Amino acid sequence: VSLNVNATGIGTLTYQWQKNGADLNGSTAATLTLTNVQLGESGAYRVKVTNPYGTATSNAATLTVGTVPGIVTQPVDLNATKGTNATFSVEANGTAPLSYQWQKNGADIAGATATTFALTAVDTPDAGTYRVVVTSPFGSVTSREASLSVGIAPVFVAHPTDRNATVGTDTTF
């Protein structure tokens, strides 16, 4: 990450960068470059510019360091009986705030923006693949696709009937 300042004045200008009001040792150029940035480097950065006639302090620039979201628990495939409910869920981590957008067959589902997505009274058109995109200010990640299969529970067309059998004979129900 590089922070730059552009200052003018009479004579030689010197620079002193600060983080949260404390001088940063060795940070005495018009550009402050932070390499291999870590979470602890979040803060308010400003620079004091001095010449023989005085000192001016810049406005602070806030640096927020975070992590890209990751999927901890993926959604799983579901089999649902027509008319029942089905719920997909995901668990994600990363630097907040995290937002969620569920998709069916790759298209966003309006209003499906929570860690779970519930379908009530599923029907055949609800079958398909579902996934969620998790987003933070630092990036996004897409879960695996989980399938929803919708079927009908078995229905008896004929039930077995009572039978009498003589010892030693065969009987079919």
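The values are calculated or read from the model by the stated rules, or taken from the named source; none is laboratory data. Predicted model, so just to flag it, every value in this text is computed and none were measured. Cβ sites come from the backbone with ideal geometry, for glycine too, and all protein chains shown count toward neighbours. Areas reflect the complete protein model, heavy atoms only, side chains present, ligands, DNA and RNA absent. Shrake-Rupley method; radii C 1.70, N 1.55, O 1.52, S 1.80 Å.
Scanning the range 49-75 for residues being of a type in the set (A, V, I, L, M, F, W, C), in contact with a Phe, Trp or Tyr (Cβ under 8 Å, 6 or more places away or on another chain) and farther than 14 Å from LEU13 by Cα gives a total of 4. Which is farther than 30 Å from LEU119 by Cβ and surrounded by 15 or more Cβ atoms within 10 Å (Cβ to Cβ), of ALA56, ALA60? Of the residues listed, the single one that is farther than 30 Å from LEU119 by Cβ and surrounded by 15 or more Cβ atoms within 10 Å (Cβ to Cβ) is ALA60.
For the range 29-55, a residue qualifies if it is of a type in the set (Gly, Ala, Ser) and touching a Ser or Thr at 6+ places or on another chain (Cβ under 8 Å), and the qualifying residues are SER42, GLY43, ALA44. Per the listing GLY66, GLY70, GLY21, GLY26, the residue uniquely on the phi > 0 side of the Ramachandran plot and open to solvent by less than 60 Å² (accessible area, probe 1.4 Å) is GLY21.
Scoring ALA165 on the criteria (1) surrounded by 11 or more Cβ atoms within 10 Å (Cβ to Cβ); (2) at pLDDT below 95 leaves a single failure, condition (1).
Selection within the range 113-144: residues that are free of Cβ contacts under 8 Å to residues at least 60 places away in the same chain and part of a loop (DSSP other than H, G, I, E, B). The member of this set that is most open to solvent (accessible area, probe 1.4 Å) is THR120.
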